[in-house]
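The values are calculated or read from the model by the stated rules, or taken from the named source; none is laboratory data. Only a predicted model underlies this, so the values are computations on that prediction, with no experimental measurement involved. Note that each Cβ is placed from the backbone with ideal geometry, even for glycine, and that neighbours are counted across all protein chains shown. Accessible surface is based on the protein model in full, side chains and every heavy atom, while ligands, DNA and RNA are left aside. Shrake-Rupley method; radii C 1.70, N 1.55, O 1.52, S 1.80 Å.
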Amino acid sequence: MLDKTFHPGEVEARLYAQWENSGAFRAGSKPGVPGFAIVIPPPNVTGSLHIGHALNNTLQDALARFERMRGKNVLWQPGTDHAGIATQLVVERELAKRQMSRVKMGREKFLEEVWRWKEESGGTIVRQLRRLGASCDWSRERFTMDEGLSRAVVKVFVALHKQDLIYKDKRLVNWDPRLQTAVSDLEVENIEVKGKLWTIRYPIEGAEGQFIAVATTRPETMLGDVAVAVHPGDERYASLVGKRAILPLTNRPIPIIADEYSDPEKGTGAVKITPAHDFNDFDVGKRHGLAPLNILTKEAALNDSVPEPYRGLDRFEARKRIIADLEALGLIEKTEDIVHAVPHDEKTKTVVLEPYLTEQWYLNVTPLAAKAVQAVEEGRTRFVPEHWANVYYNWMRNIQPWCISRQLWWGHQIPVWYGPDGKIFAEETEREARAAAVKHYGREVALTRDEDVLDTWFSSALWPFSTMGWPDKTPELARYYPTSVLVTGFDIIFFWVARMMMMGIYFMGDVPFRDVFIHTRVLDEKGQKMSKTKGNVVDPLDIIDEYGADALRFALAIAAGQGRDIRLGINRVETCRNFGTKLWNAARFCEMNECVRKREFEPSTVTLTVNKWIVAETARAVSEVTAALEAYRFNEAAGAAYHFVWDVFCDWYVEFIKPVLNGNDEAAKMETRDAAAWVLDRILQLLHPFMPFITEELWARMAEHAVPRRSMLMLSPWPDLSALPQDENARGEMNWLIDLISGVRSVRAEMNVPPSARLTLLLKDAGRETSARLTRHRDVALTLARLSSARVAAEIPQGSAQFVIGEAVAALPLGDVIDFAKERARLEKELKKSEDEIARFDAKLGNPGFVAKAPEEVIEEQKEKRAEAEAISARLREALKRLSA
């Protein structure tokens, strides 16, 4: 016997262990059937489950469970990413608590410490994914630095280097002075901060009292200036082009050049050119043959290329000293308070990055990108929604060389060794490097290994094929590559999706996935981005503890519309928890009324109209959910299941069959019990991809008094009801009854009819079939619509509320129940209030100033509220129309 309520905390761990221990998650258990593969976006080994992970993995799991039930050989490949910078930071912080440091320990000991931390603390997010219900094949779990993946990384690097696609170059990079490593352009977050803009006067050489003024937010970098640039069309400075300015504090002359980079409309129209410390200036310097002058150390202190008083000063301390000295010389023209974007490392949010001139390893991705673009253009990989392909194209067609080296210790050490003269040997092993060196030098020589490691995203780019055993030719690669779909967020299209496309095509000869489904962000219920500072972060584990994993999963899925950010608040989760309760109660109703599953039940043979109708509606729901999941329209799939379960099965079918189950017709009772049990099974199957725990529990419990199940729910076949008759006569009749009862209920609600009042229903102009329907379903209508009587009538008395149903007019005499004048006044007052509210929204949304300044989520919220007000007005107008009739 089912408990009164479902307690997710008591069943989730048990059911998950049952699934995993049974081997239900394992790929390859169904030889000879089509494969379906997804590779998980590997979360950082340092991470814990956040709401974005919960969304991403809910959608992946829904697909995996759906396709598994459809009989496919499903591989959902799990694993974690070594997360170079993030992991090194975590371990260094742990060491600092013990008064230890990475530098003092040395590389080998430090790496031992990181591996120890990984084994002890690195599995947190994997355990949390299990709590969510993720049905990954954990027997195949991979780590981007495990032996197999490391072998793949080395092989790829060496191959690309031998093909001259990987090379060393001295260029500007974003430099993290704290970790002393290069950081990817994609990992830079520009954060707006309060700062100052100083306008500094540079004396003109040989022209006493004449200056050219430049503005800067980073005056310490002026000591690395090599020119001043003005626009070639700026007549103010035409006479100065070709002359030289004297760089203050250094007395070094620098040329005044003409370059279109300078904007005459911005600031003074003249800009300082510091190629070693500004990306735009680096390009200007290359155009004019200006050698960059690096003035910073790796720690972001000033080096020996600057005047002696500033050497060794931290960049920010140097800024203060330089400004003070310039003011003393009278060379500060003005100082302005500004708010400007300053580059920070997206992980730490605290380190101000510096453009820094340094030698790094680069991958020339241009030829790889061309093939990856072609693959999408030809439809070999499809983006869903398709507009994300434009974002992909734009970045790929303007792609720059990829800086793949990082000055860290944790990561894949670059497989390069240097000879005594700096000769590079890129080989897969040190033994092969030594052999190559002997061949080159004709003798044994000492080799030194490159100390840098590869960018974390380098190994991640190989994920779809390295996790399946490449470079070996494995059965997994033959069966599952290319994978079926990648489910990921829009924020890593560049980081990851594009790079997997390039590497997959280059090394495997085919795209890594057929479809790329891009989901959006999870915002709070007001449409605001979640952040700790705002205090609006929704912790998925807290939600699972309180409401269960199913409620969270269904809340995310039903909100996951394509191209729309998801608004998630506790109210939505509570609604989905209540939906689970509704399902549980419906199952209890079936159990109490002996609705027991029978294998021999054939739904196409039912005879009662209500059962013909529910069979047809079940087939329709299965078709809708299936089509939506196939198209990655998760919100439509979840919405169709929700509507069928709550609105059709629970609210109508259960109510319609109560008189049958309580009646004396044994044949009708038996058919109805069989039909209800059959529909409930189909409901559990439809909901399983979204709500695996409650459905699996009901699947098992509802079989306690029936024929034993042939399998767990997650391995049961997905329903295919396409062959069932779509009985339009039964659907038409039952939908007519629903419309009739709903119409009466609407009138009662809109007219403030007391719940205890029993009304008379009159049908005017009813045809023969409508009259017959009323006769057949009168008892149900009287009960569910709270009517005292229902009959066909030739005339409608005064003071009746009316609505149209088919060819007939339904009337409810209300003269003795409500005060018509008072009710009309109330409705008109509420309508006026609603229309005034619509006018306020229209004024706000029609204000160009508001639209230009308001955040997108605020505008969307205003539009939604306006739509709600419009719906209220429409209902009120309809109520007045009924009242007037």
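Cβ-Cβ contacts under 7 Å between residues 6 or more apart (or on different chains), taken from a first residue in the stretch 76-97 that is in contact (Cβ under 8 Å) with a residue 40 or more places away in the chain and crowded, with 20+ Cβ neighbours inside 10 Å to a second residue that is in a helix (DSSP H, G or I) and among the aromatic types (F, W, Y), are listed as P78/W138; V91/W117.
Scanning the stretch 803-820 for residues that are open to solvent by less than 70 Å² (accessible area, probe 1.4 Å) and not hydrophobic (A, V, I, L, M, F, W, C) turns up G806, P813, G815. Residues in the stretch 259-286 that are open to solvent by 20 Å² or more (accessible area, probe 1.4 Å) and not charged (D, E, K, R): Y261, P264, G267, T268, V271, F279, N280, F282. Go through the stretch 867-882 residue by residue and tally those that are within 24 Å of I796 (Cβ to Cβ) and in contact with a helix residue (DSSP H, G or I) (Cβ under 8 Å, 6 or more places away or on another chain). Of the residues in that region, 7 qualify. The sole residue among N190, N251 that is touching a strand residue (DSSP E or B) at 6+ places or on another chain (Cβ under 6 Å), surrounded by fewer than 22 Cβ atoms within 10 Å (Cβ to Cβ) and not charged (D, E, K, R) is N190. Checking each residue in the stretch 610-643 for being over 25 Å from the mean Cα position of the chain (by Cα) and either crowded, with 19+ Cβ neighbours inside 10 Å or modelled with pLDDT under 95 (or both) picks out V610, N611, K612, W613, I614, V615, A616, E617, T618, A619, A621, V622.
Residues considered: K162, K194. Of these, the only one that is within 44 Å of the chain's Cα centre (by Cα), within 30 Å of F507 (Cβ to Cβ) and basic (K, R) is K162.
Scanning the stretch 336-356 for residues that are assigned to a strand (DSSP E or B), among the hydrophobic types (A, V, I, L, M, F, W, C) and either in contact with a Ser or Thr (Cβ under 9 Å, 6 or more places away or on another chain) or open to solvent by less than 20 Å² (accessible area, probe 1.4 Å) (or both) yields a total of 2. With respect to D491, determine if the residue is at pLDDT below 95, closer than 30 Å to Q407 by Cβ, among the charged types (D, E, K, R) and surrounded by fewer than 23 Cβ atoms within 10 Å (Cβ to Cβ). Answer is yes for this residue. Reported count of residues in the stretch 230-248, each being open to solvent by less than 40 Å² (accessible area, probe 1.4 Å) and closer than 19 Å to E205 by Cα, is 7.
Any chance the stretch 4-19 includes a residue that's touching a residue at least 24 places away in the same chain (Cβ under 8 Å), closer than 30 Å to L408 by Cα and of a type in the set (A, V, I, L, M, F, W, C)? No. Taken as a whole, the condition of being closer than 30 Å to K526 by Cα, charged (D, E, K, R), open to solvent by 40 Å² or more (accessible area, probe 1.4 Å) and under 49 Å from the mean Cα position of the chain (by Cα) does not apply to E828. Considering each of D665, D674, D727 in turn, give the residue that is under 22 Å from V606 (Cα atoms), touching a helix residue (DSSP H, G or I) at 6+ places or on another chain (Cβ under 6 Å) and open to solvent by 20 Å² or more (accessible area, probe 1.4 Å). One residue alone meets the criteria, D727.
Report yes if E733 is of a type in the set (D, E) and assigned to a helix (DSSP H, G or I), otherwise no. It is true that E733 is of a type in the set (D, E) and assigned to a helix (DSSP H, G or I).
The helices (runs of 4 or more DSSP H) located wholly in the stretch 370-465 that include 1 or more residues which are on the phi < 0 side of the Ramachandran plot and among the polar types (S, T, N, Q) occupy 388-397, 456-460.
Only one of the listed residues (M69, M105, M145, M100) is under 26 Å from the mean Cα position of the chain (by Cα) and open to solvent by 10 Å² or more (accessible area, probe 1.4 Å). That residue is M145. Residues that are in a helix (DSSP H, G or I), farther than 30 Å from R877 by Cβ, in contact (Cβ under 8 Å) with a residue 40 or more places away in the chain and open to solvent by 10 Å² or more (accessible area, probe 1.4 Å) occur at least once in the stretch 711-722. Among residues of the stretch 561-581 that are among the basic types (K, R), those with a beta-carbon under 6 Å from a residue that is open to solvent by less than 70 Å² (accessible area, probe 1.4 Å) at least six positions away or on a different chain give the pairs R567/L523; R567/G527; R572/A555; R577/Y547; R577/A551. Picking from residues in the stretch 169-187 that are of a type in the set (D, E, K, R) and open to solvent by less than 70 Å² (accessible area, probe 1.4 Å), the one that is modelled with the lowest pLDDT is E187.
Pairs meeting the criteria (first residue in the stretch 836-864 and touching a residue at least 24 places away in the same chain (Cβ under 8 Å) and over 22 Å from R564 (Cβ atoms), second residue assigned to a helix (DSSP H, G or I) and open to solvent by less than 40 Å² (accessible area, probe 1.4 Å), beta carbons under 6 Å, at least 6 apart or on different chains) are E837/A869; I838/A869. Against the criterion of being over 23 Å from R449 (Cβ atoms), open to solvent by less than 70 Å² (accessible area, probe 1.4 Å) and touching a Pro at 6+ places or on another chain (Cβ under 8 Å), D137 qualifies. Taking the conditions exactly as written (open to solvent by 40 Å² or more (accessible area, probe 1.4 Å), of a type in the set (S, T, N, Q) and in a helix (DSSP H, G or I)), does T770 satisfy them or not? Considered against the rule, which asks whether it is open to solvent by 40 Å² or more (accessible area, probe 1.4 Å), of a type in the set (S, T, N, Q) and in a helix (DSSP H, G or I), T770 comes out as no. Can you find, within the stretch 416-469, the residue that is surrounded by the fewest Cβ atoms within 10 Å (Cβ to Cβ) among those that are within 30 Å of W138 (Cα to Cα) and polar (S, T, N, Q)? The extreme case among them is S460. Need the failing condition index for E823 against (1) closer than 30 Å to M734 by Cα; (2) crowded, with 17+ Cβ neighbours inside 10 Å, just the number. Condition (1) is where E823 drops out. When you check R748 against the structure, is it under 23 Å from A821 (Cβ atoms) and in a helix (DSSP H, G or I), yes or no? The answer is yes for R748.
For the stretch 1-48, filtered to residues that are open to solvent by 50 Å² or more (accessible area, probe 1.4 Å) and acidic (D, E), the residue that is modelled with the lowest pLDDT is D3.
For A749, the stated conditions do not hold, so it cannot be described as of a type in the set (G, A, S), modelled with pLDDT under 95 and surrounded by 13 or more Cβ atoms within 10 Å (Cβ to Cβ).
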